[in-house]
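Right, one structure below, let's go through it.
The values are calculated or read from the model by the stated rules, or taken from the named source; none is laboratory data. Since the model is a prediction, treat every value here as computed from it, not as a measurement. Cβ placement follows ideal geometry from the backbone for every residue including glycine, while neighbour counts extend to all protein chains displayed.
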């Protein structure tokens, strides 16, 4: 049995956009007894990845700090003891590239990534100017895998009956990384969009972990319902499958929602470039302004009417 390791540590949007490569690696190498495929990821994505069916085992990387000698030695023992014939580093960060060096001394496995000296380097000098999906497809092509499908969430299942929802409903994702406030459209404008949806008989559901932001939106639209902190990744995919439409900032849940097939409007500022990381799905509309404060409620409602 050929043992394969895939490295993908996060973040959520990157994890979703790696679903196509995950499926391609599985199809290329086969299933037991031909191949045993392990994913190395972080705790936040372990359950989600295991449910995909692409992996025979999921390992959690505790991401040891620089001075955590015991953690690094433990990770090294685990990697060297895995008996891996090939590694696909889909994270391609400085950290994951350093993992290649943990196999020394001794022969390293075949390695697809950007680690210096690896057997199957993605050597395109323009790789950082490619969208994540095209970049990873090119990386796998250089490693001999030529058929990489689009991300797919048809396998994602969750019992969302506990929310007691009636259709139609729409998903709003007003949060985002706290350290990047320029990626957030003002909460009051999300409330205005929620009010528009409610006036048209569509229940606004607010998703995310930022209870304060979701609470501000709900405070401006009594018909909106906040599910702050109540939804896991599989829940979001299941909710998106039956949603009328979605509006959100450029943040991880919108990648899930878009791939699940929900008509989605995603809001971008100059803080991120949709050419490199835009959500992909069958019905995605990207709205971008230099400053999100310049994006009006009418702009979003106009695009939302096209999407719903």
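Is it fair to say residue 189 is outside the structural domain of residue 15 (by TED's automatic domain parsing) and under 21 Å from the mean Cα position of the chain (by Cα)? Break it down into steps so the answer makes sense when it comes.
Details: outside the structural domain of residue 15 (by TED's automatic domain parsing): yes; under 21 Å from the mean Cα position of the chain (by Cα): no.
Against the criterion (outside the structural domain of residue 15 (by TED's automatic domain parsing) and under 21 Å from the mean Cα position of the chain (by Cα)), residue 189 does not qualify.
Answer with yes or no whether residue 270 is touching a residue at least 60 places away in the same chain (Cβ under 8 Å), in the same structural domain as residue 193 (by TED's automatic domain parsing), more than 18 Å from residue 193 (Cα to Cα) and in contact with a helix residue (DSSP H, G or I) (Cβ under 8 Å, 6 or more places away or on another chain).
In short, yes.
Just one residue in the set 220, 164 is touching a helix residue (DSSP H, G or I) at 6+ places or on another chain (Cβ under 7 Å), surrounded by fewer than 19 Cβ atoms within 10 Å (Cβ to Cβ) and without any contact (Cβ under 8 Å) to a residue 60 or more places away in the chain; that residue is 220.
Yes/no matrix, rows are residues, columns are (1) modelled with pLDDT under 95; (2) crowded, with 22+ Cβ neighbours inside 10 Å; (3) under 24 Å from residue 132 (Cβ atoms):
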site: 225; (1), (2), (3): no, no, no
site: 230; (1), (2), (3): no, no, no
site: 254; (1), (2), (3): no, yes, yes
site: 265; (1), (2), (3): no, yes, yes
site: 275; (1), (2), (3): no, no, yes
site: 279; (1), (2), (3): no, yes, yes
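Residues being touching a residue at least 60 places away in the same chain (Cβ under 8 Å), assigned to a loop (DSSP other than H, G, I, E, B) and over 17 Å from residue 113 (Cβ atoms): count how many of those fall in region 18-58. Adding up the residues that qualify gives 2.
For region 285-308, the criterion of being in contact (Cβ under 8 Å) with a residue 24 or more places away in the chain and part of a strand (DSSP E or B) is met by none of the residues. Taking region 173-184 as the range and being assigned to a loop (DSSP other than H, G, I, E, B) and buried (at least 20 other Cβ atoms within 10 Å of the Cβ) as the test, the residues that pass are 174, 175, 176, 184. For residue 112, the requirement of being in contact with a strand residue (DSSP E or B) (Cβ under 6 Å, 6 or more places away or on another chain), in contact (Cβ under 8 Å) with a residue 60 or more places away in the chain and not in a loop (DSSP other than H, G, I, E, B) is not met.
Just so you know, in region 122-161 the residues that are buried (at least 19 other Cβ atoms within 10 Å of the Cβ) and without any contact (Cβ under 8 Å) to a residue 40 or more places away in the chain include one that is farthest from residue 274 (Cα to Cα), and it is 122. Could you please let me know if residue 170 is under 14 Å from residue 300 (Cβ atoms), surrounded by 20 or more Cβ atoms within 10 Å (Cβ to Cβ) and free of Cβ contacts under 8 Å to residues at least 40 places away in the same chain? Answer is no for this residue. When region 248-263 is filtered for residues that are assigned to a loop (DSSP other than H, G, I, E, B) and closer than 10 Å to residue 153 by Cβ, the ones remaining, listed by number, are 260, 261.
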